[in-house]
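Below is one structure, written out as structure tokens; the observations come after it.
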Amino acid sequence: MSTLPRSRISVPAGSPDGSSVRTSLSMKMAGNSNTNMAPAIYLQRLVDLSQMDIQSALDQMKSLLIPTQIQKVYKMAYYRKQTKNHWARDDPAFVAIQISLLLIASFAYSIALRSDSVIYNTLYFCFHSVIINFVLFGAIVATTARSIANQHLVVTTSSNHVRQTVEWMYAFDVHCNAFFPAFVLLYGVQFFLLWLVLSQGFVPFLVSNILHSAGFFYYFYVTHLGYRALPFLSNTEVFLFPLCAVVFVFLLNLVGWPFGFGWNASRIMAHIYFE
């Protein structure tokens, strides 16, 4: 951060406005230091492998799959804030790997489900997986969660302190972190259980819905941890409220099964994307 010349910020001794000017200036300087990486720069790095730390991204993905180690990922965000003055990742490796895995999974599902047109269904499933499920859904969730956090959850300790806010890129980072464990369950584990979850009967129905409920449960839990890691937010438990909807839908499905109202989430997925 550059230092302003003293001659431009000096205040005459005894001036009644001296303290207010100094307070205003310190708040402006602190506000200017709360920088965030421009999305355009991030996108440029996304296509440049030399700008990516692949090993670090893989280590973070591994940590996200172990509930007791999820906090390690958010501690790295805290260290970024201390050293680079922003919470969000400036390394796009995590996103690049996630997109690559989605593309591979899309091709694998098109082959496994023996679709009539492998190329068409692969492209169709890739578009929905990457653009809609990952990017668009992530942008909506990040924007909504950031708005809730900034409007209702920010704690201001003093009128002389700059009011910190959640960066949009950090909110999208939280989505990326939460999406990966859900991806492992709903794309990875489910792939090896397709022979079971796409079958008729109560056991396939139960396994499929447990798998999908676990994926959404994990997503919202990791999202909650991401916002709880920010020291200027309070009452971040609100991000756990969607878990009530997940449990409700699961129980509703379970109770409705004997009456013919239960639905198999995996069979619905296969029908939407491959039939």
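Worth pointing out:
- Meets criteria (of a type in the set (Asp, Glu) and either touching a Ser or Thr at 6+ places or on another chain (Cβ under 9 Å) or more than 22 Å from Val222 (Cα to Cα) (or both)) for Asp173: no
- For the residues Val184, Val174, Val203, the requirement of being assigned to a helix (DSSP H, G or I), surrounded by fewer than 17 Cβ atoms within 10 Å (Cβ to Cβ) and of a type in the set (A, V, I, L, M, F, W, C) singles out Val203.
- For the range 84-161, the helices (runs of 4 or more DSSP H) that sit wholly inside it and include 3 or more residues that are without any contact (Cβ under 8 Å) to a residue 40 or more places away in the chain and out of contact with any helix residue (DSSP H, G or I) (no Cβ under 7 Å at 6 or more places or on another chain) are 118-126, 137-148.
- Per-region count, the range 61-75, residues without any contact (Cβ under 8 Å) to a residue 40 or more places away in the chain and surrounded by 15 or more Cβ atoms within 10 Å (Cβ to Cβ): 1
- Residue among Asn177, Asn209, Asn264, Asn253 that is polar (S, T, N, Q), under 29 Å from Lys75 (Cβ atoms) and touching a residue at least 40 places away in the same chain (Cβ under 8 Å): Asn177
- Residue tally, condition assigned to a helix (DSSP H, G or I), among the charged types (D, E, K, R) and either exposed (fewer than 12 other Cβ atoms within 10 Å of the Cβ) or more than 27 Å from the chain's Cα centre (by Cα) (or both), over the range 230-275: 1
- Restricting Phe107, Phe94, Phe125, Phe137 to those that are surrounded by fewer than 15 Cβ atoms within 10 Å (Cβ to Cβ) and of a type in the set (Phe, Trp, Tyr) reduces the list to Phe137.
- Hits in the range 171-225 - residues which are of a type outside the set (Ser, Thr, Tyr), under 15 Å from Phe241 (Cα atoms) and within 11 Å of the chain's Cα centre (by Cα): Phe220, Val222, His224, Leu225
- Residue within the range 192-206 that is in contact (Cβ under 8 Å) with a residue 60 or more places away in the chain, of a type in the set (Val, Ile, Thr) and more than 20 Å from Val255 (Cα to Cα) present: no
Bear in mind that the values in this text are calculations on the coordinates, not laboratory data. All values reported here derive from a predicted model rather than from experimental measurement. Glycine also receives a Cβ, built like all others from the backbone with ideal geometry; neighbour counts cover every protein chain displayed.
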